Amino acid sequence: MTPALEVDGVSVAYGDVEALTECSLTLEQGQVTGLIGMNGSGKSTLFKSVMGVVTPQAGRVRVAGAPAREARRAQRIAYVPQSEDVDWDFPLSVWDVVMMGRYGRMGPMRRPRKADRAAVSEALERVGLVDLAGRQIGALSGGQRKRAFVARGIAQEASLMLLDEPFAGVDKRSEGTIVALLRELAAEGHTVLVSTHDLHALPALADQAILLLRRVLYQGDVAGALEPQNLTRAFGLDLPDSGDGGESA
Amino acid sequence: MSLIDILVEPLQYDFMVRALLVTVMAAVVCALLSCWLVLVGWSLMGDAVSHAVLPGVVLAYVVGAPFALGALAFGVLAVVLIGAIRGTSRVKEDAAIGIVFTTLFALGLVLVSVIPSQTDLSHILFGNILGVSTSDLWQIGALALAALAVLLFKSRDLTLFAFDPVHAHGIGLSPKRLGWLLLGLLAIVSVVALQVVGVILVVALLIIPGATAYLLTDKFTHMLWIAPLVSSACSVVGIYVSYWFDASSGGLVVVTQGVFFALVYLFSPRHGLLTRKRRRPSSPDGTISPSRHA
């Protein structure tokens with residue numbers, strides 16, 4: 001089966017600072033993957049490379065067998081931004097935000113047709129925000145805000161969904177709701193990649209975990225990722241020399 | 001003297017009718033653009049581009065090209081220079097903006113002073129709304145209409161660009177291109193407003209209406225009619241006041257906008273300083289109060 005996401009030898013540097021060094025990973029379809037790493041480990045850069053915000057100096061990204069650029073045009077990739085990257089005062093309603101998931105499928109003026117409105121309604125129903133559709137996006141709780149953006153991805157009919165720190169600023173109960181929602185999406189064949197600091201949520205959330213420190217240190221089951229020797233490597237406690245061929249000077 | 005007289009008397013002069021027409025056109029198109037500028041956080045950029053177009057306008061006058069073309073060239077030049085200075089030196093963006101636009105603006109002043117023309121420098125700096133000729137009216141009208149058409153056609157894409165450029169990337173759009181579109185429109189619209197309030201005050205028409213509307217509603221689509229409505233109403237009031245008190249018309253257009261903003265800032269039903277405070281203790285309905293975006 002074609003992998004849902006293939007990252008092959010991707011390197012990204014900002015000036016002299018290397019954010020990703022020959023990073024390679026493969027995600028199978030229908031799985032939830034937790035992406036774990038400390039601040040500056042390259043999680044955001046990895047997402048940005050898939051989203052086309054940064055262009056890697058080396059390597060390639062393929063989504064469902066196609067180059068990432070084509071996959072984006074085919075509306076295959078959805079993105080749920082980190083809370084701090086969103087202007088929550090922006091004068092848009094929940095409905096408006098979810099409708100933006102449909103823009104790539106509309107004409108140049110982005111006029112919603114019947115099918116678009118139906119898709120938005122359905123997505124809002126899936127995430128349980130139908131009653132709040134008319135609210136300004138910032139007038140939602142932390143968990144509801146995340147669900148609104150997940151709804152945008154559902155309305156987009158994307159097959160790959162990237163979530164950047166979805167549990168930051170979200171209470172435990174809402175976290176449970178989001179985990180259940182992501183599990184459902186995976187069961188339907190969506191591929192979900194979640195970057196998170198929240199290691200406690202991992203066993204319930206993810207089928208597998210990836211430990212990232214500029215490159216992939218570990219990819220495998222969640223229990224393995226949580227083993228102390230792996231976590232210490234990911235969080236850089238035994239740097240500068242990790243002893244596994246650390247050729248990145 | 002009755003209110004009717006006050007409103008009708010100025011209209012017997014053709015120059016006043018033209019002035020009001022141009023003012024409303026400029027107010028509407030500037031106000032629309034300002035809705036996006038305020039939300040993207042490009043007020044300073046608006047300030048920069050609207051000043052930097054001056055040498056372009058002067059040079060266009062010299063070679064007999066349309067003013068909009070010269071404005072566009074120098075607006076783009078300003079943005080490129082700002083980006084280049086920020087990207088290739090340790091100077092931060094606000095300083096880069098300050099350096100580029102003042103230098104280009106000054107270059108414009110120098111050009112005006114050495115190039116012989118009938119155009120008075122003070123008209124360019126402070127506007128010359130009462131001196132609008134019929135051909136000016138046509139040129140400004142055409143530019144305003146073109147900008148209006150592009151803004152309405154690209155309305156939703158520009159909103160997406162302002163709200164979530166990463167998502168724009170993700171669905172195959174180019175936020176970079178949308179950003180340039182917004183900046184290009186900014187340069188063209190500056191030419192429209194230049195005649196009304198002058199180069200120095202153009203930025204007022206490009207920021208105040210959007211900010212006022214932003215304090216009045218939580219719906220972007222409502223901003224898109226509140227801002228033009230408020231801006232053209234304030235501008236017309238400003239022109240009338242300037243007629244009756246024989247004071248600077250460009251100045252009064254902007255002062256009226258500013259006074260109205262102050263009223264909205266204090267008394268807006270949703271986000272007014274005074275109204276909001278009174279309401280706050282009585283709304284414990286569990287909604288998260290939106291945190292200011294840094």
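What follows is calculated from the coordinates using simple rules that are stated; it is not laboratory data. As the structure is a prediction and not an experimental result, all values here were calculated from the model. Positions of Cβ are generated from backbone atoms using ideal geometry, with glycine treated the same way; all protein chains shown enter the neighbour counts.
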Cβ-based charge dipole, segment B:35-144, positive-most Cα from B:T134, B:A78, B:G108
B:A78
At most 14 other Cβ atoms within 10 Å and a DSSP loop assignment: could you name the trypsin sites (Lys or Arg not before Pro) in segment B:1-107 that fit?
B:R90, B:K92
At 0.36 nm per residue, and after removing the present C-alpha to C-alpha distance, how many nm does the segment from A:D198 to A:M109 gain when stretched out fully?
28.0 nm
Dipole of the protein assembly as shown, positive direction: furthest Cα of B:L215, B:F161, B:W225, with charges on the beta-carbon:
B:W225
Please report the net charge: other residues with Cβ closer than 14 Å to the Cβ of B:L158, K and R +1, D and E -1.
+2
Using alpha carbons only, how many degrees (0 to 90, rounded to 10) separate the axis of helix A:172-187 from the longest principal axis of chain A?
90
Tell me the relative contact order for segment B:3-278 as a rounded percent, counting alpha carbon contacts under 8 Å between residues six or more apart.
29
Cα-based Rg and Dmax for the protein assembly as shown, in Å, come out at 26.9, 92
If all Cα-Cα distances of chain A are sorted into 10 Å bins from 0 onward, what percent lands in each bin, rounded to whole numbers?
7, 31, 36, 20, 5, 1
Dividing the mean separation of Cα pairs under 8 Å (6+ apart) by the residue count of segment A:5-234 yields a relative contact order in percent of 29
Mean-square fluctuation check for chain A, GNM, Cα pairs under 10 Å: which of A:G142, A:G189, A:G134 is largest?
A:G134
Three-way shape label, segment A:119-197, alpha-carbon gyration tensor, a/c 1.5:
oblate
What distance in nm separates the two pseudo spin-label positions at B:L266 and A:A168, each 7 Å out from Cα along the beta-carbon direction?
4.0
With 0.36 nm assigned to each residue of separation and the Cα-Cα distance removed, A:E184 to A:E227 gains 12.8 nm
Which order do the peptides A:83-94, A:196-207, B:155-166 take when ranked by the mean count of other beta-carbon atoms within 10 Å per residue, highest first?
B:155-166, A:83-94, A:196-207
Just B:T212, B:T221, B:T256 to compare: in a GNM of chain B, with alpha carbon springs under 10 Å, which one fluctuates most?
B:T221
Across B:147-156, the residue-averaged tally of Cβ atoms belonging to other chains within 10 Å stands at 2
Of the residues B:V22, B:V237, B:V196, which exhibits the maximal mean-square fluctuation in a Gaussian network model of chain B defined by a 10 Å Cα contact cut-off?
B:V237
Loop-only trypsin sites (Lys or Arg not before Pro) in segment A:82-158, please: DSSP not H, G, I, E or B, and at most 12 other Cβ atoms within 10 Å.
A:R113
Among the DSSP H helices of chain B, those whose Cα atoms extend at least 24 Å along the helix axis and whose mean Kyte-Doolittle hydropathy is -0.5 or higher are B:14-40, B:67-88, B:93-114, B:134-153, B:175-216, B:220-245, B:249-267
Along the Cα→Cβ direction, 7 angstrom out, place labels at B:W244 and B:V80. What is the inter-label distance in nm?
5.0
Euclidean distance between Cα centres, segment A:113-187 to segment A:54-76, Å
24
For A:95-105, mean number of other protein chain Cβ atoms within 10 Å
4
Expressed as a fraction of 2.2 N^0.38 Å, the rule-of-thumb size for a compact globular protein of N residues, what is the C-alpha radius of gyration of chain B?
1.05
For the protein assembly as shown, give me the percentage of DSSP beta bridges that are antiparallel, rounded to the nearest 5 percent.
55
B:A106 versus B:K219, label points 7 Å from Cα toward the beta carbon: distance in nm?
4.9
Expressed as a whole number, the average count of other chain Cβ atoms within 10 Å around the Cβ atoms of A:158-164 is 1
Whichever lysines have a C-alpha closer than 17 Å to that of B:K176, once near sequence neighbours (fewer than 8 apart) are set aside
A:K48, B:K154
Run through segment A:154-207 and list the GluC sites (Glu not before Pro) located in a DSSP loop whose Cβ has at most 12 other Cβ atoms within 10 Å.
A:E188
Per DSSP H run of n ≥ 4, the term is -39500 (n - 2.57); total these for chain B, divide by its residue number, and report the mean residue ellipticity at 222 nm rounded to 500 deg cm²/dmol.
-26500 deg cm²/dmol
Within 10 Å of each residue's Cβ, count the other Cβ atoms and sort B:V76, B:V254 from fewest upward.
B:V76, B:V254
